[in-house]
């Protein structure tokens, strides 16, 4: 697969609008601005909801259809189990990739 | 550089050293995953320098590979990064003494690890120069560790066959991030709702389903927290 110049546009937009702007927001604005409590509370759930919305379709869909018994889901389960049995940061990757290759 | 900036920098560096070592596997994996997604080494390092955020990079990779529309990719990255708005708000007072360009720099280098490790001291330390050193030095150091380890991952990926599905490393990385979050009940509800809706709504045009799923997940988490608090009594 190869990409054209729009990939760089994607990087710049992700970097500027979606990463640096939220990071710099209040540090740059200083103490002049603040967010309502309700918004702060709701924002706490954004990462979990978003990560799941990306990763779940990725592991349960095969060519656009739900397939519960597929190697990617097996690999995901292996990775989750690995996080539970050890604090070793490499283990989930080793277990997940090993499961993916074995189940294929 | 004032002596108190340097003293703060030394202290911050010492405090964050373990965090900066923890970055290495993430950066390696992100490097491998970007090459797995079909990026050249230059494109991968470009993304790493411009975006400089593991979650945004790993989270957008599957969307970029799938050819999702640009707005969706950017909006998804923004949502996973919304936590930084909260971090930024917490850092506004400790870093208020710095110049405007320095505050932009402080924003660019803001990472979860340094934030979590330094916030306590930043809140209690009275010397503004010391605080700036204490925050900025480990943040820059972590940035350097991130970029150099990513480069190692990118270069190493070239010698690994395509059939090994390295891009799946991105999915594993996202799962590893999700697991500790899901230990809190409302967080688990948010994640389960977001994940389920994303699968159910995959047929929506322009991949709008992902956005609806995220908003639904946030609402569900928020509602679950509310019910939990009500059940616990006033």
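Laboratory data are not the source of any read-out in this text; all were calculated from the coordinates shown. Keep in mind that what you see is a predicted model, and the values were worked out from it rather than measured. Cβ: placed from backbone, ideal geometry, glycine included. Neighbour counts: every protein chain shown.
Before moving on, here are some points about what is shown:
- Shielding value for B:69-81 is 6, the average number of Cβ atoms from other chains within 10 Å of each residue's Cβ.
- Chain B, relative contact order in percent, only Cα pairs under 8 angstrom and at least six apart counted: 33
- Across B:62, B:186, B:161, mean-square fluctuation computed from a Gaussian network of chain B (C-alpha pairs under 10 Å connected) peaks at B:161.
- Panel values: chain B, Kirkwood radius from alpha carbon pairs, Stokes-Einstein at 4 °C and 1.567 mPa s, translational diffusion coefficient 67 µm²/s.
- Counts of other chain beta carbons within 10 angstrom of each beta carbon in peptide A:70-82 average 3.
- When the Gaussian network model of chain B links Cα atoms closer than 10 Å, the mean-square fluctuations of B:96, B:137, B:27 top out at B:96.
- Spacing of the modelled spin labels on residue B:179 and residue B:7, each 7 Å from Cα toward Cβ, amounts to 4.2 nm.
- P(r) of segment B:160-234 over all Cα-Cα pairs, binned every 5 Å from zero, in whole percent: 3, 16, 16, 18, 17, 12, 9, 5, 2, 1, 1, 0
- Neighbour counting of Cβ atoms within 10 Å sorts the residues A:19, B:15, B:117, fewest neighbours leading, into B:15, B:117, A:19.
- Expressed per residue, the C-alpha convex hull volume of segment A:24-94 stands at 170 Å³.
- Label point at residue A:17 placed 7 Å out along Cα→Cβ; residues across segment B:197-222 whose backbone nitrogen lies under 19 Å: B:206-215
- Working from Cα pairs under 8 Å separated by at least six residues, relative contact order for chain A is 16 percent.
- Peptide B:177-188, shielding by other chains (average Cβ, 10 Å cutoff): 4
- If you model the protein assembly as shown as an ellipsoid using its alpha carbon gyration tensor, with each semi-axis the square root of five times an eigenvalue, the axes come out at 32, 25, 19 Å, biggest first.
- Note on chain B: with a GNM built from Cα contacts shorter than 10 Å, the maximum mean-square fluctuation among B:52, B:87, B:222 falls on B:222.
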